[in-house]
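Please treat every number below as a calculation from the coordinates, not as lab data. These figures come from a predicted structure and were not determined experimentally.
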């Protein structure tokens with residue numbers, strides 16, 4: 001069953017959180033998601049530059065097919081945002097493609113995975129500390145975020161000290177298990193999606209079902225991980241109630 005491009009985009013939006021539909025403006029060329037074979041090396045190089053120049057490292061993981069990724073790029077290109085970004089950050093855009101396994105890049109800075117696009121990470125380059133873990137998920141709806149919130153956030157992030165959210169061996173194992181499960185979901189979806197996208201003998205209904213199931217899982221997982229870390233921050237002795245999401249329907 002063939003699938004129109006409109007449906008493909010909807011499936012992409014569902015899976016990666018790009019659900020915004022508002023029109024956005026044009027982006028500057030440097031805010032384009034382009035595939036590279038050496039993303040880890042690219043990011044490491046920009047991190048070194050940021051440290052040398054006394055700036056913050058800004059890593060954006062997204063895709064050109066994602067409306068919210070393009071919306072963020074357009075807002076970054078705004079004439080008010082440009083001096084803020086260029087004076088305070090060294091910025092690198094990383095293309096996640098179609099479910100490419102880029103999770104190790106997020107994990108390098110203490111985030112379990114990329115759960116949606118765009119994933120925007122503000123990093124202290126000397127220590128590698130992630131400074132925006134608490135509100136990182138906000139930028140996965142970047143095209144719906146008002147410009148004044150961009151200006152406020154990127155003007156002030158890093159001016160105050162930020163404590164890394166705590167974890168525990170129990171939570172670490174929970175995260176490891178579920179990120180592994182999420183990757184398995186992506187691996188299952190990838191060939192289904194490719195067949196439909198390439199007008200092969202793909203099943204549109206199966207794509208929609210699988211994409212939606214993974215979207216629901218990764219969204220809830222990201223929320224739950226943050227909530228449990230905040231519980232531990234409030235009370236390190238708290239006994240966590242770990243969610244059980246069960247198996248995917250196809251398992």
Next item on the list: Determine, at each q value in 0.12, 0.13, 0.15 (inverse angstroms), the log₁₀ of I(q)/I(0) that the Debye formula gives when each Cα of the chain is one equal point scatterer.
Entry: -0.73, -0.85, -1.12
Item checked: Estimated [θ] at 222 nm from DSSP helical runs (n ≥ 4, -39500 (n - 2.57)) normalised by residues in the chain, nearest 500 -> -16000 deg cm²/dmol
Item checked: Contact order relative to length of segment 88-224, as percent, for alpha carbon pairs under 8 angstrom and 6 or more apart -> 20
Notebook entry, point to check: Over all pairs of distinct alpha carbons, what does the Kirkwood formula give as the hydrodynamic radius of segment 164-209, in Å?
Noted result: 12.6
Notebook entry, point to check: Of 143, 39, 160, which is the most mobile in a GNM of the chain whose springs link Cα atoms less than 10 angstrom apart?
Noted result: 160
Check: Under the definition of Cα pairs under 8 Å and six or more residues apart, what whole-number percent is the relative contact order of segment 169-234?
Finding: 31
Next item on the list: Considering the convex hull of the alpha carbon atoms of segment 167-251, report its projected area averaged over all viewing directions, in nm², one decimal.
Entry: 5.8
Next item on the list: With an 8 Å cut-off on Cα pairs and a minimum separation of 6 or more residues, tell me the relative contact order of the chain in percent.
Entry: 24
Notebook entry, point to check: Top mean-square fluctuation among 169, 146, 83, Gaussian network model of the chain, C-alpha springs under 10 Å?
Noted result: 169
Check: Top mean-square fluctuation among 211, 233, 73, Gaussian network model of the chain, C-alpha springs under 10 Å?
Finding: 233
Check: Share of antiparallel DSSP beta bridges in segment 5-156, in percent to the nearest 5?
Finding: 50
